[in-house]
Amino acid sequence: MNMSTRNWLLVGSVLALAAAGEPASAQSAGEVPATVPVTGTVPSVCHGGTLAGGGAFDLGILTDTSTGLLRTDLSAPPKTLTGAFCSTRSRIAVEATPLVAQNAPGTPPSGFSHTVNYRAVASGWTDTPASFGTADASHAFAVQERGTAFQGDIALSIDSFTTGGGAALRLVADPAYRGAITVTLSVVN
């Protein structure tokens with residue numbers, strides 16, 4: 001083997017070793033890669049859930065039939081809103097309307113009322129439950145905020161029943177005393 005062949009072999013070996021240390025490239029001279037970003041968004045969404053078991057808070061007969069006064073033992077099992085979620089910071093608000101006699105409009109006779117007040121409480125969403133008293137002049141706890149996204153059940157309960165106008169008033173007879181509770185989940189900006 002002559003000297004020039006040996007030099008070429010040596011140069012070829014050095015180049016092969018140098019190339020072995022370099023990562024393999026699929027690019028050939030003159031190619032420029034194109035990068036295409038992949039993007040998406042997740043909107044701020046709240047869903048108030050579904051009332052498990054359906055139905056209303058049925059209190060039955062509201063008065064003590066021997067006195068005509070509001071029963072002191074009124075109660076109803078809590079209701080559950082299942083599958084509630086907010087994908088971001090959220091607010092829960094509860095509002096309620098008193099139970100009002102539907103078939104006895106106008107001013108009730110002296111000594112009678114056609115209104116039953118109560119407190120509605122929505123718990124499980126925030127550390128402090130949201131609550132709304134239908135007889136209260138202000139509703140400081142009716143709206144509560146949560147600082148993070150959340151999913152879970154909301155327990156809804158009612159308590160603290162009082163006769164509108166005072167405990168000494170009797171309730172006007174009516175087969176349909178009706179009220180309502182509204183629970184709202186919303187995004188906080």
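The values are calculated or read from the model by the stated rules, or taken from the named source; none is laboratory data. These numbers were taken from a predicted model, which means no experiment stands behind them. So basically every Cβ, Gly included, is an ideal-geometry build from the backbone, and we count neighbours across all protein chains shown. When the accessible area is computed, the model is the full protein with side chains, heavy atoms only, and any ligands, DNA or RNA have been set aside. Shrake-Rupley method; radii C 1.70, N 1.55, O 1.52, S 1.80 Å.
Quick notes on this one:
- In the set (1) within 17 Å of the chain's Cα centre (by Cα); (2) open to solvent by 50 Å² or more (accessible area, probe 1.4 Å), the condition left unmet by Ala137 is number (1).
- Output for segment 76-121, where each listed residue is among the β-branched types (Val, Ile, Thr), under 13 Å from Val183 (Cβ atoms) and either over 13 Å from the mean Cα position of the chain (by Cα) or surrounded by fewer than 16 Cβ atoms within 10 Å (Cβ to Cβ) (or both): Thr82, Val121
- Total residues in segment 152-189, condition open to solvent by 30 Å² or more (accessible area, probe 1.4 Å), part of a loop (DSSP other than H, G, I, E, B) and of a type outside the set (A, V, I, L, M, F, W, C): 3
- Just one of the numbered conditions (1) surrounded by 15 or more Cβ atoms within 10 Å (Cβ to Cβ); (2) at negative phi is not true of Gly124: (2).
- Phe150 under 22 Å from Ala180 (Cβ atoms), touching a residue at least 12 places away in the same chain (Cβ under 8 Å) and not basic (Lys, Arg): no
- Verdict on Ser25 being modelled with pLDDT under 90 and surrounded by 10 or more Cβ atoms within 10 Å (Cβ to Cβ): no
- Considering (1) open to solvent by less than 50 Å² (accessible area, probe 1.4 Å); (2) closer than 25 Å to Thr163 by Cβ, the lone condition that Gly48 does not fulfil carries the number (2).
- Test: residue in segment 75-94 that is at pLDDT 95 or above and among the aromatic types (Phe, Trp, Tyr): yes
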